[in-house]
1. Between Gln30 and residues 5 or more places away or on another chain, which pairs have amide H atoms under 5 Å apart, with H built 1.01 Å from N, and which residues are they?
2. Check which residues have an amide H placed less than 5 Å from Cys52's amide H, if you skip close sequence neighbours.
3. Under 5 Å between amide hydrogens, which residues at least 5 positions from Ala96 or on another chain qualify, with H placed 1.01 Å from N in the peptide plane?
4. Across the range 21-29, in residue order, what do the Karplus-derived ³J(HN,Hα) couplings come to in whole Hz, using 6.51 cos²θ - 1.76 cosθ + 1.60 with θ = phi - 60° and x for Gly and Pro?
5. Return the lysines within reach of Lys61: Cα separation strictly under 22 angstrom, same-chain partners fewer than 8 residues apart disregarded; answer none if there are no such residues.
Amino acid sequence: MQDQHIIETEPTQREGIFVPLDLPGFQICQQFWQEDGTICVTIMAQTAQVCCPRCLRLCTKIHDRRLRKKRDLPCQAHQVHLMLLKRRFRCEACQAVFTEPDTVCGRRRRTTR
Ligand SMILES: [Zn+2]
């Protein structure tokens, strides 16, 4: 039986999964195995405040969040589905609602080694 991988770990131990992602500025919110054997990783930007594009004030009030599928990365023998939790902010000064800037696929275009 060579198929004894971490896949068979019980769901209660899923926090032990470690996916090495080279994504500076992001933190991993959640990661879990999916039924097809792929790993789903949800990441979020670490910044707590974003500059309002309209009035340029710093905003910390999160309006809502939504998941966006970013890309699939091969991680060792497994396929990783990278999901970015995008936050939308509401500016308290001008009431503008805007999505935080996308930095995952920005100039730091690094994925995994
Ligand atoms: Zn504003």
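A short reminder: the numbers here are calculations on the coordinates, not readings from a lab. Everything numeric here is computed off the predicted structure, so don't read it as measured data.
1. Thr42
2. Arg57, Leu58, Cys59
3. Cys91
4. Computed from phi, the couplings for the range 21-29 are 10, 9, 10, x, x, 10, 10, 8, 8 Hz.
5. Lys86
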